[in-house]
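K.L.:
This is the structure I have questions about; it appears just below.
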Amino acid sequence: MIALPYDYFLIAWFVLAAGSTAYVAFDQFNGNPEPTVMKWGFILVTLYMGPFGLLLYVLADKEPRPGEHEHFTSPLWKQGVGSTIHCVAGDATGIILAATVTALLGLPMWIDLIVEYIAGFSFGLFIFQSLFMKKMMGGTYWENVRKSFMPEFISMNAMMAGMAPTMSLLMMGRDMRAMDPLEFVFWGVMSLGVMVGFTTAYPFNVWMVKKKIKHGLMTERLEAPGQQRDMSGMKSETGQMSDEQMSHMEGHGGQQKAKKSGEREVSHGGGHQMGGDATTPQLAALAGVTSFLLISGMVIPGFSVNLGLSARDVDGSIMPPGMINTFDLPGEAMKDMAAVKPRQVAYVAAPDARGDKVLAPRIENGVKVFDIKAEIIRWNILPDVAVEAYAYNRQVPGPRLQVTEGDHVRINFRNALPESTTVHWHGLIVPNEMDGPANVTQDPVPPGGSYTYEFDVAQSGTYFYHSHDHPDRQQALGLYGALLIAPKDPSAEVKADLDYTIQLQEWLKREWLTYPAMLMEGALPNYFTINGKAYPSTDTVGMKVGQTIKLRFIGTNNNFVHPMHVHGGPFEVVAVDGINLKESARYQADTVNVGPGQRYDVVWTARKPGKWLVHCHIPHHTANNNVEHKGGGGLMLVLNVQ
Ligand SMILES: [Cu+2]
């Protein structure tokens, strides 16, 4: 799926690889005089290595002019390319098949690596070398297995020594979609792994070709003297003849003739004959060193990434850019901190949509009934900044529930998130099974599930509700809303001319993706909102000189204590955590530290006309991704006094 800019790059890469492979396949089967196994070797390697496979093909193997293949491919470096090609074609195919199967089976990465090695080695040795190359090697199948074992072992070790750490570090890195064969980036990592593996295997293959213990490039010609003469005659007459024409003629005339007479000749480029000049100590040393490289390539990534995890454990998570990823980080932690998957967005809110809308209850037999649903939405915190949010009733904050002390309420909750969740009624005295903490007072509500919360409202004041299942993720992503309870006796309410609720939230949005902001390395927020909007998209509240406003600050945020400050003179703190302060306990201040979960009701008087700011006093929290616009950003709003 497309989630990050490099997904587009990968698509372009796959198009290039497909084009390169098509060209190599066409050219191989239309004129390159080479054994079929080598044709397929180049085709497979070009499929994995794209334009680099094509480059190797034209530089080292493609017959420049008819009849020159033997001479053209004779230099040792080209023979080394050929030898590495048939190693990589077999081994990499085995590795990629194994990686796909183990990922789909949900096996941990370390088992995946071992299975890949065994599969790659087996595929390379038993099929690609011993079976497909039987013709070139001469002898029986099992003789070939025996002869091929040591060169294949050395080459496979060297290749996997490069491919394994490339796969481990990239698959278990920041973007763990790379563990999922259904994602582009899995195939991108495989391609890169094959390229690194090719590079690490190449020098060993050059040496083995030089020592005549491994085949390099070969030329296979179908000897048909009559045809050859005819063709050269034609060539001298017409002066030119395309490769296609020649191969066409060979294919239809020459081949049949050759088959009849059995005249098929394979020559090894550079005149190499298989015999083997390598000494036993040399082979033993190479086997030892490549084994060491292999084990290092398998083990060393395990010092920095968790090879005990499977594709299922990490579930295609994309981690925040600066997160510290260590070998002991569990998959659960990764999923908790991961970006919201854009494809899971169920609803796109209008860019100017507002949250905290009053939800009118249904009255059923005297019970106030509210319907609330949690799902993933796209939500604009600024006109040009949209986040993937977890939301109640498709808004951030969730709908405002306004009830009166003494009400009996019922909340029909439905979970349309891809994960379990619950709802907690923060600060309320409710029956324990209505309180919400997942796995403490209730089973979490599964995706698609529902739960009915029902209780008598025995308190009054400023409260809120929020998720209590993985709240570090879910509440941080927007699962909260105001719960305002009017006192049964209206005279108990501290009166003001205006009433405005301020719900705080911290966001982490980077590189197109939204992560739950957390007070930890790599997950710190870069956007901040009041009622789901960052300044200058926050409300401007109109007032007249002499009017009072009750500001209800709610710490619906997860991480910081926000020192909320009002310009233009002090306010009076009249209630804390929903409880009215006695007159004697009320106090004047111009800043209240609103910590997560806390509520402060303050009454401010508009003393002078003008634009008076309400803002957090941590200046980073009044910027949008560290950019100021119209004098600030984030946790800021204007009281516009006429
Ligand atoms: Cu702040």
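K.L.:
Farthest toward the dipole's positive end in the chain, which of HIS86, THR326, GLY355, given Cβ charges of +1 (Lys, Arg) and -1 (Asp, Glu) about the Cα centre?
P.N.:
HIS86
K.L.:
First measure r as the distance between the Cβ atoms of LYS357 and GLU454, then evaluate 1/(1 + (r/R0)^6) with R0 = 22 Å and state the FRET efficiency to the nearest 0.05.
P.N.:
That pair, LYS357 with GLU454, gives E of 0.45.
K.L.:
Further question: Would you kindly calculate the translational diffusion coefficient of segment 266-365, applying Stokes-Einstein with the Kirkwood radius from alpha carbon pairs, for 4 °C and a viscosity of 1.567 mPa s, and quote it in µm² s⁻¹ without decimals?
P.N.:
Taking Rh from Cα pairs, D becomes 63 µm²/s.
K.L.:
Then there is this: For segment 2-67, count the residues as N, evaluate 2.2 N^0.38 Å, and divide the Cα radius of gyration by that value, please.
P.N.:
Ratio of Rg to 2.2 N^0.38 Å for segment 2-67: 1.25.
K.L.:
Follow-up. Looking at segment 478-587, send over the antiparallel percent of its DSSP beta bridges, to the nearest 5.
P.N.:
65 percent
K.L.:
On to the next question. Which one of VAL196, VAL576, GLY308 is farthest out on the positive end of the charge dipole of the chain, using unit charges on Cβ (Lys, Arg +1; Asp, Glu -1) and the Cα centre as origin?
P.N.:
After comparing all options, I get VAL196.
K.L.:
Based on the alpha-carbon gyration tensor of segment 505-641 and its eigenvalue square roots a ≥ b ≥ c, which shape applies: rounded if a/c is under 1.5, prolate if not and a/b is larger than b/c, or oblate?
P.N.:
oblate
K.L.:
Another question, if that's okay. To check you understand DSSP bridge types, tell me what percent of the beta bridges within segment 347-490 (both residues inside) are antiparallel, rounded to 5.
P.N.:
Around 65 percent of the beta bridges assigned by DSSP in segment 347-490 are antiparallel ones.
K.L.:
I'd like to compare 572-584, 395-407: which one has the highest average count of other Cβ atoms within 10 Å, and what's the full order after that?
P.N.:
Top to bottom by mean Cβ count within 10 Å: 395-407, 572-584.
K.L.:
Quick one: net charge around GLN442, please, counting Lys, Arg +1 and Asp, Glu -1 for every other residue with C-beta under 9 Å from its C-beta.
P.N.:
Taking every Cβ under 9 Å from that of GLN442, the sum is -3.
K.L.:
What does the helix-only formula give at 222 nm for the chain: each DSSP H stretch with n ≥ 4 adding -39500 (n - 2.57), the total divided by the residues, and the result rounded to the nearest 500 deg cm²/dmol?
P.N.:
The helix contribution divided over the chain gives -11000 deg cm²/dmol.
K.L.:
Return the equivalent ellipsoid semi-axes of the chain as a descending list in whole Å, where each equals the square root of 5 times an eigenvalue of the C-alpha gyration tensor.
P.N.:
Whole-Å semi-axes of the equivalent ellipsoid: 72, 24, 21.
K.L.:
Could you tell me which GluC sites (Glu not before Pro) in segment 36-116 are loop residues by DSSP with no more than 16 other beta carbons within 10 angstrom of their beta carbon?
P.N.:
GLU68
K.L.:
Same structure, new question: Provide SER20, SER450 in ascending order of the number of other Cβ atoms located within 10 Å of each residue's Cβ, fewest first.
P.N.:
Taking fewest neighbouring Cβ atoms as first place, the list is SER450, SER20.
K.L.:
Of the beta bridges DSSP finds with both residues in the chain, what % are antiparallel, to the nearest 5?
P.N.:
Percentage antiparallel, nearest 5: 75.
K.L.:
Once R0 is set to 56 Å, what does the formula 1/(1 + (r/R0)^6) return for the Cβ-Cβ distance between ASP497 and LEU105, expressed as a FRET efficiency to the nearest 0.05?
P.N.:
Between ASP497 and LEU105 the formula returns 0.25.
K.L.:
In nanometres, what is the gap between the two model label sites at LYS488 and MET1, each 7 Å from Cα along Cα-to-Cβ?
P.N.:
Here the modelled spin labels are 5.0 nm apart.
K.L.:
Cα centroids of segment 526-559 and segment 304-371: how far apart, whole angstrom?
P.N.:
Answer, in whole Å: 25.
K.L.:
Continuing with the same structure: What's the magnitude of the charge dipole for the chain around its Cα centre, counting Lys and Arg as +1 and Asp and Glu as -1 at the beta-carbon? Answer in Debye, nearest 20.
P.N.:
My answer is approximately 780 debye.
K.L.:
Still on this model: With a ≥ b ≥ c taken as the square roots of the eigenvalues of the C-alpha gyration tensor of segment 1-127, please select rounded if a/c is under 1.5 and otherwise prolate if a/b is larger than b/c or oblate if it is not?
P.N.:
oblate
K.L.:
Take the alpha carbon atoms of segment 491-566, find their radius of gyration, then divide it by 2.2 N^0.38 Å using N residues; give the quotient.
P.N.:
Compared with the compact-globule rule of thumb, segment 491-566 sits at 1.37.
K.L.:
So, how do all the Cα-to-Cα distances of segment 347-490 break down into 10 Å bins, in percent, from 0 on up?
P.N.:
So the P(r) values, bin by bin, are 12, 43, 33, 11, 1.
K.L.:
Same structure again: For ARG586 and HIS617 in the same chain, what is the full-extension length gain: residue separation times 0.36 nm, less their Cα-Cα distance, in nm?
P.N.:
8.9 nm
K.L.:
With each label point set 7 Å from Cα along the Cα-Cβ vector, what nm distance links ASP371 and LEU182?
P.N.:
Here the answer is 3.1 nm between the modelled labels.
K.L.:
Return the long-range amide H neighbours of ILE213 (sequence gap of 5 or more, or a different chain), with a cut-off of under 5 Å between placed amide H atoms.
P.N.:
Amide H neighbours of ILE213, under 5 Å, 5+ apart: ASP277.
K.L.:
Treating the beta-carbon of each Lys and Arg as +1 and of each Asp and Glu as -1, no other charges, what is the dipole magnitude of segment 505-641 about its Cα centre, to the nearest 20 debye?
P.N.:
Magnitude of the dipole: close to 460 debye.
K.L.:
What does the C-alpha gyration tensor say about the overall shape of segment 429-509? Classify as rounded when a/c is under 1.5, otherwise prolate if a/b is larger than b/c, or oblate.
P.N.:
Here segment 429-509 falls in the oblate category.
K.L.:
Let me ask something else. Please report, in debye to the nearest 20, how large the charge dipole of segment 347-490 is about its Cα centre when each Lys and Arg carries +1 at its beta carbon and each Asp and Glu carries -1 there.
P.N.:
Once rounded to the nearest 20, the dipole reads 380 debye.
K.L.:
Taking just the C-alpha trace of segment 550-595, give me its Rg and Dmax in Å.
P.N.:
In Å, with Rg to one decimal and Dmax whole: 11.1, 32.
K.L.:
If I model a spin label as a point 7 Å beyond the Cα along the Cα-Cβ vector, how far apart are those points for ALA18 and THR140 in nm?
P.N.:
If labels sit at ALA18 and THR140, their model points lie 4.6 nm apart.
Values in this text are rule-based calculations from the coordinates and carry no lab data. Predicted model only: the values in this text are computed from it and were never measured. Methodologically, a virtual Cβ is constructed for each residue, glycine included, from the backbone with ideal geometry; neighbour enumeration extends over all protein chains shown.
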